[in-house]
1. Yes or no: residue 838 open to solvent by 20 Å² or more (accessible area, probe 1.4 Å) and at pLDDT 95 or above?
2. Which of the residues spanning region 166-190 are over 15 Å from residue 145 (Cα atoms), outside any loop (DSSP other than H, G, I, E, B) and open to solvent by 50 Å² or more (accessible area, probe 1.4 Å)?
3. Does residue 966 satisfy the criteria of being among the aromatic types (Phe, Trp, Tyr), in contact with a Leu (Cβ under 8 Å, 6 or more places away or on another chain), farther than 30 Å from residue 1039 by Cβ and surrounded by fewer than 16 Cβ atoms within 10 Å (Cβ to Cβ)?
4. Just checking, does region 919-931 include any residue being within 20 Å of residue 1015 (Cα to Cα) and open to solvent by 10 Å² or more (accessible area, probe 1.4 Å)?
5. Give me the pairs, please: first residue somewhere in region 941-966 and farther than 30 Å from residue 1030 by Cα and aromatic (Phe, Trp, Tyr), second residue anywhere and in a helix (DSSP H, G or I) and open to solvent by less than 20 Å² (accessible area, probe 1.4 Å), beta-carbon distance under 8 Å, and either six or more positions apart or on two chains.
6. For region 191-229, name all the residues that are surrounded by 15 or more Cβ atoms within 10 Å (Cβ to Cβ), at pLDDT 75 or above and part of a loop (DSSP other than H, G, I, E, B).
7. Report whether or not residue 1048 is acidic (Asp, Glu), farther than 30 Å from residue 819 by Cα and either in a helix (DSSP H, G or I) or open to solvent by 70 Å² or more (accessible area, probe 1.4 Å) (or both).
8. Could you check region 449-491 and list, in sequence order, the residues that are crowded, with 18+ Cβ neighbours inside 10 Å, assigned to a loop (DSSP other than H, G, I, E, B) and among the hydroxyl-bearing types (Ser, Thr, Tyr)?
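The values are calculated or read from the model by the stated rules, or taken from the named source; none is laboratory data. Since the model is a prediction, treat every value here as computed from it, not as a measurement. Backbone-built Cβ (ideal geometry, glycine too); neighbour counts: all protein chains shown. Surface areas here come from the heavy atoms of the whole protein model, side chains and all, with no ligands, DNA or RNA. Shrake-Rupley method; radii C 1.70, N 1.55, O 1.52, S 1.80 Å.
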Amino acid sequence: MACSSASRSLWCNGDAVDIDVGVRSGTKSKHLSSFSLQGGARQKQIAIASSYTNSISGIGCVGVTSRKAFSGFRPKSLGSSRSLTELQCRLNFCRLRTRGLRLVLASSAGNNSLITSSKQVSPGKNDAPPTTVVVDNESHEKFSVINVETPNRVGILQLLTSTMKDLGLVMIDAKVDLAGGLLKEIFYVTDTQGRKVTDEVDMRNIETVLKAALSEIAFEQAWKFPRRTSVVGKGPATQDTDGDLYNRSRLLYRLMDQYLQNDVFSIQKSIMDHVEYTIARSRFKFDDFEAYMASAYSVRDRLIESWNDTQHFFRQLDTKRVYYLSMEFLMGRSLLNSVFNLGIKDQYAEALRQLGYNLEVLVEQERDAALGNGGLGRLAACFLDSLATMNYSAWGYGIRYQYGMFRQTLQDGYQHEQPDYWLNFGNPWEIERVHVTYPIRFYGKVEEHWNGKKHFEWIPSEQVAAVAYDNPIPGYGTKNTINLRLWAAKPSGEFDLQSFNTGDYVNAILSKQRAEAISSVLYPDDRTYQGKELRLKQQYFFVSASLQDVIRRFKDHHDSFDEFPNKVALQLNDAHPSIGIPELLRILIDEEGLEYYKAWDICTRVFSFTNHTVNPEALEKWPIELMESLLPRHLQIITEINVNFLEELRRKYGNDYERLSRMSIIEDGEKKIIRMGALALVASHTVNGVAEIHTSHIKNMFRDFYELWPHKFQNKTNGVTQRRWLALCNPGLQDVLTKYLGTDAWITNLDLLAGIRKHARNPELHKEWNLARRQNKARLAAYIEGISGVKVSIDAMFDVQVKRIHEYKRQLLNVMSIIHRYDCIKNMTPEERKNVVPRVCILGGKAAPGYEVAKKIIKLVAVVGEKINNDPDVGNLLKVIFVPDYNVSVAELIIPASDVSQHISTAGNEASGTSNMKFAMNGCIILGTYDGANVEIQQEIGKENIFLFGAKAEQVPKLRAERRDFQPPRLFTRIIGMLRNGVFGHQEHMHVLCDTLEGQGGDFYLLGNDFQEYLEAQAAVDAAFVDRPRWTQMSIMSTAGSGKFSSDRTIKEYAEQIWDIKPFKRPV
């Protein structure tokens, strides 16, 4: 279709500014109108002239001010001494919707033609009465009155209000009368200072601009629409006439010219429509799950409206986009988060209440999306929320896992893994894009050809299809909605058809199963060759599909890859997606025909790499024979990258073979290994750590690379979204914060929480603060009783450690302190027990299926809890709870109710952590080590409001070296003895755990070294908890100091310092 556009020219002509307005369709143009603005300052004339073109194009609908040549520029953009030359701006038109008015607006950045007239006439016919505009200052005492008479047309009211806004007029009131197709409007306006417009020249110019904007010729433009040819049977082909095209286009726009309404009745209608037409249930009989599904579909409708317009907006601005590549996106539930971000939570709650349903109950019907394991995936989810809220042009890319991680159950205290059938009953939030499918190839061979230059052709022996599933991500306080695109593996139709046609049905079914296995499970067990192969297949599958999608989108608007780095930023969330580096090179070289060095230059300008590990051994590594078998072309490319890189090193360092060996992408040895972390370091323009301590550590961990490229290394301390992790999951505290801060703007600017510090000693705040927290604890206590049968007191301290089960996170240290507390209580007199601070110790988290020690720690928690919870001597002084199947939704319940949260990893082992930020943000007191982001939290909230203990990262190597001569504390040894002697039963099981703590090679994570300081820190926590004013003040100060830990801050730093992208808020 030819792109139709309007153009305007501004010319100096003595004391006036002349305006020519025309329309261009393809190579043809047509003059529409000319007029002059008289009098006043030159800049005022320019501003009014600009507003005229804004009016006919609906400026304000799309922010074309981002373009180099734009309409709607303001006087301040031109210096007083700057001479005026011709300024021409092409304005394309598109359909936008308005709330409550059936209007079709024009906008300044679209490819779709605009039909604004509602009259059933053929193009060019013009028999309407003339338009009149009169500005009157006599008929009203306070306001200028603008009288308008014009033929009624679709979009007329919006056009007038938009034009007046651009002219700097404030509309106070309006009266509208429609008779005989003539619209009579009276507008009561002032200037921006609330005064009448009394300047005669200004009044005449306002009349001129409004008249020109409303002129029939500006509406009935002879646009060139795409013709549709129809062939019926064997008869001659028929082609649409201009009139057919005109009326059909107008009809399409009128059918979709408004957004769905968000009043209670409209929401109810939308829900009931989905009950009957989508779920096919009777509107008089549907259960809670069906009500949830209908509600979710109705919310998704609103998300899709916003998503479509946002993507159109970004396309027309041709913004630079960031593509966030991550193996995990731990999204959690979507219903409550979506209605909250859209600002319609209260309306939905009331709509459902009137229908006989409870929003909070329906939320429980939603299964958590099983798309991640822990912090890595949850960080990615928080980043998407911030990217949408902050109006950045961004996409997330990942895998649509059919079963996700696993569903954890406890049987007799032992973890059992079950598939998480989260998709069994459908996912109403996703949109399957069957037309967005890309071929993904594996195995085969590479052939070399010569056609003027060397060319490689990869001939695969296996192929699967990647099918896109889109998940809209709404921003808060904005109309922008971005996208998370997940890929599902399906069998390639070509190979299936071949198998079925030859009668090999078994092979066809096996082929289908092999294909679908790629996107079945998150992180398959890679202890076997087959497991390693499947994991590499997963990583390549999702990055190949994503890069093909990115390049397709880029080529839709660009003919040359020269602009690719200016339009695309690719962020690797850890080393998992780093196979995307040779894949991008393969596409650019083999499919797009670029020379290697040009493709490499593009590659190094688009990739950036976030490293989340603290140990280089934990970075992705692949045996070279596996890569050669599965991705033969990629091995060739990686080898070429490495050869060129080593040559660069030799030029700089000479024959320093040790350095070259340390830095080589391919590790020599008995079996050669590809270091994917080194590949990411070499190919990325930026490498960042995720906390200040962690970034210092990776500079040391990659010392050779840091010495070579110090400019590449940056710190970007992680953050979490306060929308989900404070405002949404803790509504009681949200209300308290908003009341005392006097605004809810902290929901998008978390730094404002610092304002609560001045109220930290206020007794009234203390009372409301503690009431909100007590209500949260009551909810959690009810949940605990429901899952375990154990009643807990909400007056007790809720002591929480919920995270992935791992030796370095030291859940075992926590359990040992619980055993110590139990031992003390048992040896106390009844009088002494009155001074014990009651505690409910809550632990939760999953152990990897193959991690036996972690599984035994879960069993230990279970048996210790069983003994303590049933001991009458202890009563409510101590309870131990293990929460199974810990996920985002459970975290939203636990975090707001926690009094103290433990983050006690051995120093130097936690990259950052984000759960510590969530707990601190909700007023929970942190008990932790000098690891990850704990140190930065201490800096922000104050040393007096946090409890840190233990060895520091720089001390750990020395302590490990001295283990041979170390004598652990007596209490530590006593607890090990209790375990070995069967105080809690299961002696054989306990011996295995105790062996990890004793002996020459034992206690690698230094539990014994930190145990005494840990107990002292626990005693300090007890003392602070009984001093209620002090504890409440600490809680308030913890929240007040959490501003730095918003993912909004993190994303802003990425955007400005790594991705070089800017925000673009979609106007409505």
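1. Working: open to solvent by 20 Å² or more (accessible area, probe 1.4 Å): yes; at pLDDT 95 or above: yes.
Criteria met by residue 838.
2. Hits for region 166-190 are 177, 178, 179.
3. Numbers: among the aromatic types (Phe, Trp, Tyr): yes; in contact with a Leu (Cβ under 8 Å, 6 or more places away or on another chain): yes; farther than 30 Å from residue 1039 by Cβ: yes; surrounded by fewer than 16 Cβ atoms within 10 Å (Cβ to Cβ): yes.
Considered against the rule, which asks whether it is among the aromatic types (Phe, Trp, Tyr), in contact with a Leu (Cβ under 8 Å, 6 or more places away or on another chain), farther than 30 Å from residue 1039 by Cβ and surrounded by fewer than 16 Cβ atoms within 10 Å (Cβ to Cβ), residue 966 comes out as yes.
4. Restricting attention to region 919-931, the residues satisfying the condition of being within 20 Å of residue 1015 (Cα to Cα) are 924-931.
So of that shortlist, the ones also open to solvent by 10 Å² or more (accessible area, probe 1.4 Å) come out as 930.
The answer is yes, given that some residue of region 919-931 is within 20 Å of residue 1015 (Cα to Cα) and open to solvent by 10 Å² or more (accessible area, probe 1.4 Å).
5. Once the first residue is farther than 30 Å from residue 1030 by Cα and aromatic (Phe, Trp, Tyr) and sits in region 941-966, its partners that are in a helix (DSSP H, G or I) and open to solvent by less than 20 Å² (accessible area, probe 1.4 Å) give 966/1008.
6. 191, 196, 197, listed by residue number.
7. Details: acidic (Asp, Glu): yes; farther than 30 Å from residue 819 by Cα: yes; either in a helix (DSSP H, G or I) or open to solvent by 70 Å² or more (accessible area, probe 1.4 Å) (or both): yes.
Taking the combined requirement at face value, the residue satisfies it.
8. 476, 478
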